[in-house]
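Visitor: This structure is in structure tokens; I'll ask about it shortly.
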Amino acid sequence: MTRLYLSTTIPYVNARPHVGHALELVQADVLARHHRRIGDEVRLQSGTDDNSLKNVLAAQREGISTKELVNRNASAFASLREQLSLSFDDFIKTSTDPRHRPGVERLWRACAASGDLYRRDYHGLYCVGCEQFYTEDELADGTCPEHHTRPEQVTEENWFFRLSRYASRLRDEISSGRLRIEPASRRNEVLGFIDGGLADFSVSRSVQRAGGWGIGVPGDPTQVTYVWWDALANYVTALGYGGSGGDYQRWWVGADRRVHLVGKGVLRFHAVYWPAILLSAGAPLPTELFVHDYLTAGGAKISKSTASSEATDPAELAGTYGIDALRWWLVRDVPRVGDTDFTVDRLIGRANADLANGLGNLVSRIGSIAHQYRNGVVRPCSRPEGTSRWLAVASDGRIPGGDARAVPWPADAADLRATVERTPDAVRAALARFDFRAASAAVYEIVVQANRYVDATEPWHLGRAERAATVSRGDGAAGRRLDQVLGALLASCQVLAGEIWPFLPDLAARLAAAVDDVGGRLPRPRPLFPRLQVSERGYAAVAADAGIRNEVA
Ligand SMILES: [Zn+2]
């Protein structure tokens, strides 16, 4: 059993969440659920970065207090837990959580005790959008590479962190793989940055420029801690690092894996600054960073100004098209490397193809045939080696049943059986390299093979042949064959419900119920996923009828 501490970044809350935030949250949730399912000990951490200067500026633009703006937007992020069926164990709000400030202060004092903090004058080019100083050669034509705006020339006295001391240790941690950065191209990017020379960096700013918002530097009332210091610290402050620290010992020091999911825009902070701060403080480093790229919307960068639009608001998208449709697109269509363009058409296309047609049709065919020819009583084939069926969310036990009465697998279902058997390993291997698309594709392969098997065996013909044979007193070969075909399909779908659960927990629960034979009889078939169709008001979910194909009727 592995003890796994898993975190998302904490977004600043100058606006409502957009679909790009949903990507990282859903990826983290899939990992957390997967590891819980295979018996690992997991803590999934998320939260909001309330102390960002960007929040102060956004509140000024709206003419409301920073506190009001932060509370409103932070609650929109916290609400995603229900709106996207996320399973984080803890959510830290950095402006109000009583665990945060003492943790930030303790981290500061630990680095000060190592002699790594000092004061000096700083002249620099500062991008307010990034809350980051840039050197001339990092700029693109004199503008911020992220915001394409001209940075301000700033001079003030700040506290600095002696990053320069840690270059060789950081290099060693990363190149040895003790701090694993995925994908490899991002690791190389970080190593290149380190080899270019690490300059000490500013870790505070004047109270004045911070607008009185943020966490004060211990012992220096004129300065507040740089927002990145404050935000990065959340990974340990949420574990009580500044207090009694029981969770910190258990989930940080004592974890086998400390995994941060981060976007490419904050790579340097997580792969260089954060590990250096931890080295200085004498704390263990994260073991892994997974760096995802960005979503665009309709070909354009998703900006905070468009974030509230219906087309990219994850709560709106999940409300209109369903949590399953949104989660499935995020895991199934977003590759491990490269930006991906999000459109509602793509979300709908993927949901209809895979969930309404592929999976929905499979399950309704099995249910209809089972009820038409077996009164709902079907015995599943034995579960292939290494697979498990539905594992309930609340209980950690496997639901018994099925195997004692299992029928043998028919020879012509060898491909389907092999697919089912290799799925758990395929999912495990894909998620170990943070490849969500490959993992969801591996799960979906069961649907593909099962539908192929239905098409090849035409069980509705077997049912009719059995009835004809009964009338003419023929032998029962067609009936025995129908039992085998249905048994293979039922066993496959029972494994599928468990395997798809980390990706689509809601749909998995409906699927598990639809193929549950524990009571001796399958429930009457009901639509598993509504087909999404264009209506006059745009797209809408349309409940499919049983969706059964004509051949069965
Ligand atoms: Zn910028």
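The values are calculated or read from the model by the stated rules, or taken from the named source; none is laboratory data. Quantities reported herein were computed from a predicted structural model and do not represent experimental measurements. As a convention, Cβ positions derive from the backbone with ideal geometry for all residues, glycine included, and neighbour counts pool all protein chains shown. Calculation scope for accessible area: heavy atoms of the full protein, side chains included, ligands and nucleic acids excluded. Shrake-Rupley method; radii C 1.70, N 1.55, O 1.52, S 1.80 Å.
Visitor: Quick one: is Glu131 within 16 Å of the ligand (Cβ to nearest atom) and not aromatic (Phe, Trp, Tyr)?
Guide: Spelling it out, Glu131 is indeed within 16 Å of the ligand (Cβ to nearest atom) and not aromatic (Phe, Trp, Tyr).
Visitor: State which residue is nearest to Leu496 (Cα to Cα) when the search covers only the range 315-356 and only residues that are touching a Pro at 6+ places or on another chain (Cβ under 8 Å) and aliphatic (A, V, I, L, M).
Guide: Here the residue is Ala356.
Visitor: Please go through the range 49-75 and give me each residue that is under 28 Å from the mean Cα position of the chain (by Cα), polar (S, T, N, Q) and in a loop (DSSP other than H, G, I, E, B), ordered by number.
Guide: Asn51, Ser52
Visitor: Identify, by number, the condition in (1) within 26 Å of Val42 (Cβ to Cβ); (2) open to solvent by 60 Å² or more (accessible area, probe 1.4 Å) that Thr222 doesn't meet.
Guide: Status for Thr222: all satisfied but (1).
Visitor: Could you list all residues from the range 243-259 that are modelled with pLDDT of 95 or more and either touching a His at 6+ places or on another chain (Cβ under 6 Å) or over 22 Å from Phe434 (Cβ atoms) (or both)?
Guide: Asp247, Tyr248, Gln249, Arg250, Val253, Gly254
Visitor: Residue pairs, Cβ under 8 Å, 6 or more apart or interchain, first in the range 145-159 and within 14 Å of the ligand (Cβ to nearest atom), second open to solvent by 80 Å² or more (accessible area, probe 1.4 Å). List them.
Guide: Sorted first by the residue in the range 145-159, then by its partner, the pairs are Val154/His123.
Visitor: Still on this structure: I'd like to know if the range 206-215 contains one or more residues that are open to solvent by less than 20 Å² (accessible area, probe 1.4 Å), under 24 Å from Gly129 (Cβ atoms), assigned to a loop (DSSP other than H, G, I, E, B) and among the small types (Gly, Ala, Ser).
Guide: Yes, that holds for at least one residue.
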